[in-house]
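Structure, as structure tokens:
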Amino acid sequence: MSRTPIRPDSAPTIRALLLRWFARNKRPDPWRLNPTPYSIWVAEVMLQQTVVAAVIPFYTAWMRKFPDVQSLADAPEKDVLRQWEGLGYYSRARNLRKAAQVSG
């Protein structure tokens, strides 16, 4: 099957089609309710190697416990790891906290 290459000048049309599709089909994920750099960062890290359905309750609890970078940076490591329990790959939680401490 021969494919017609996408022309560079069709990018605006493709963009519009993708945005329209997304508006109709996006999931109501909690990180989309108040999208801040911090909330998206936490979601992206949690979603690494973890399905969305499993992340949602962890994300919601995490954001209640650590609503911003400073609260995460100030938290003892044991509290961060306790909040992460069940997600696995604990280095992700440790690295989130370390990065929060560097940025604060």
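The values are calculated or read from the model by the stated rules, or taken from the named source; none is laboratory data. In this text the structure is predicted, and so the values were computed from the model without any measurement. Methodologically, a virtual Cβ is constructed for each residue, glycine included, from the backbone with ideal geometry; neighbour enumeration extends over all protein chains shown. Only protein heavy atoms, including side chains, enter the accessible area calculation; ligands, DNA and RNA are left aside. Shrake-Rupley method; radii C 1.70, N 1.55, O 1.52, S 1.80 Å.
The charge dipole of segment 55-104, taken about its Cα centre with unit charges on the Cβ atoms of Lys, Arg (+1), Asp and Glu (-1) only, comes to about 100 debye. The residues neighbouring GLU77, those whose beta-carbon lies less than 9 Å from its own, together hold a net charge of +2 under the Lys/Arg +1, Asp/Glu -1 convention.
Residue by residue, segment 86-101 carries 3J(HN,Hα) couplings of x, 8, x, 6, 4, 4, 4, 5, 4, 5, 4, 5, 4, 5, 4, 5 Hz when phi is fed to the Karplus relation 6.51 cos²θ - 1.76 cosθ + 1.60 (θ = phi - 60°); x denotes Gly or Pro. The aspartates and glutamates within cross-link reach of LYS26, meaning a Cα-to-Cα straight distance under 20 Å and a gap of 8 or more places when in the same chain, are GLU44. Each Lys and Arg adds +1 at its Cβ and each Asp and Glu adds -1 at its Cβ; summed about the Cα centre, the chain shows a dipole of about 400 debye.
Accessible surface area normalised per residue over the chain is 71 Å², counting heavy atoms of protein chains with a 1.4 Å rolling probe. A probe of 1.4 angstrom, applied to the heavy atoms of all protein chains, finds THR4 with accessible area near 120 square angstrom. Tell me the angle of helix 37-47 to the major Cα principal axis of the chain, expressed in degrees between 0 and 90 and rounded to the nearest ten. Between helix and principal axis, roughly 90 degrees. Annotation note: trypsin sites (Lys or Arg not before Pro) in segment 1-43 located in DSSP loop regions with a Cβ neighbour count of at most 14 within 10 Å are ARG3, LYS26. Along segment 69-85 the Karplus relation, 6.51 cos²θ - 1.76 cosθ + 1.60 evaluated at θ = phi - 60°, assigns HN-Hα couplings of 4, 5, 5, 5, 4, 7, 6, x, 4, 4, 5, 5, 5, 5, 5, 7, 3 Hz to successive residues, with x for each Gly and Pro. For ILE14, the solvent-accessible surface with a 1.4 Å probe is about 60 Å², rounded to the nearest 10.
Placing pseudo-labels 7 Å out from each Cα toward the beta carbon at LEU18 and ILE40 gives an inter-label distance of 1.4 nm. Ranking TRP21, GLN48, PRO5 by Cα position along the charge dipole of the chain, where only Lys, Arg, Asp and Glu carry charges on their C-beta atoms, puts PRO5 farthest toward the positive end. Taken one residue at a time, the phi angles of segment 13-28 give Karplus couplings (6.51, -1.76, 1.60, θ = phi - 60°) of 5, 4, 4, 4, 5, 5, 5, 5, 4, 4, 4, 7, 10, 5, 7, x Hz. Gly and Pro are set to x. Counted by Cβ distance under 12 Å from THR13, the other residues give a net charge of +2, where Lys and Arg count +1 and Asp and Glu count -1.
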